[in-house]
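One structure is given below, encoded as structure tokens.
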Amino acid sequence: MKKIEDFYFAGIVSGLTGGIIHLLYNLLLISIGVNTSTFWKDLTNVFFAPPQAFSWAAQLYGVISALGISVFNGILISLLLKLTGKDYLYIKSITLSMITGYFLFMFLYPEADLDYLQHSLITPYVALGGFAIYGITTGFLLKRYTAFE
């Protein structure tokens with residue numbers, strides 16, 4: 001299999017794949033009954049107010065927004081690896097994905113007036129796990145399927 005040499009395209013593919021895995025992780029937790037908010041639900045609330053936020057169209061928009069942010073983060077990780085090399089790839093990938101995720105929580109949510117969101121105590125830990133899973137998945141794909149230096 002030919003490896004991807006373009007860092008930008010590699011970031012898009014790995015970020016999208018990592019984002020899908022992240023969303024499936026959230027869906028799995030909801031399916032087994034973990035009382036938590038999800039990345040896509042929070043992004044839905046950025047653009048839609050209740051009761052519209054609970055419609056399937058608004059939730060779909062939240063999923064698309066979450067995947068868009070995942071692609072952006074994948075491009076950032078890919079750029080970081082291009083600039084600094086692939087040494088400590090997983091550390092770089094996980095920390096950058098956590099920085100991006102927590103940036104959203106700390107700056108986007110208050111600016112979008114999402115203070116009314118009442119998260120459960122477990123939500124920050126679910127988010128931390130999701131960002132780590134995203135970082136590991138994205139890092140693995142960038143290590144295995146890219147050839148850029």
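Observations, loosely collected:
- Residues being under 23 Å from PHE140 (Cβ atoms), among the polar types (S, T, N, Q) and not in a helix (DSSP H, G or I) - total across region 55-92: 0
- Search result, residues across region 14-31 that are of a type in the set (Val, Ile, Thr) and at pLDDT 95 or above: THR17, ILE20, ILE21
- Residues (of a type in the set (Phe, Trp, Tyr) and surrounded by 14 or more Cβ atoms within 10 Å (Cβ to Cβ)) located in region 9-56: PHE9, TYR25, PHE39, TRP40, PHE48
- Meets criteria (aromatic (Phe, Trp, Tyr), more than 16 Å from the chain's Cα centre (by Cα) and closer than 21 Å to PHE9 by Cα) for PHE148: yes
- Look at (1) part of a helix (DSSP H, G or I); (2) at pLDDT below 95 and you find that ASP113 fails only one, number (1).
- Test: residue in region 116-136 that is farther than 19 Å from ASN35 by Cβ, at pLDDT 75 or above and either hydroxyl-bearing (Ser, Thr, Tyr) or exposed (fewer than 14 other Cβ atoms within 10 Å of the Cβ) (or both): yes
- Here the condition is being in a helix (DSSP H, G or I), touching a helix residue (DSSP H, G or I) at 6+ places or on another chain (Cβ under 8 Å) and either modelled with pLDDT of 90 or more or farther than 22 Å from THR17 by Cα (or both); of THR95, THR100, it holds for THR95 alone.
The values are calculated or read from the model by the stated rules, or taken from the named source; none is laboratory data. In this text, all values refer to a predicted model and were calculated from it rather than measured experimentally. So basically every Cβ, Gly included, is an ideal-geometry build from the backbone, and we count neighbours across all protein chains shown.
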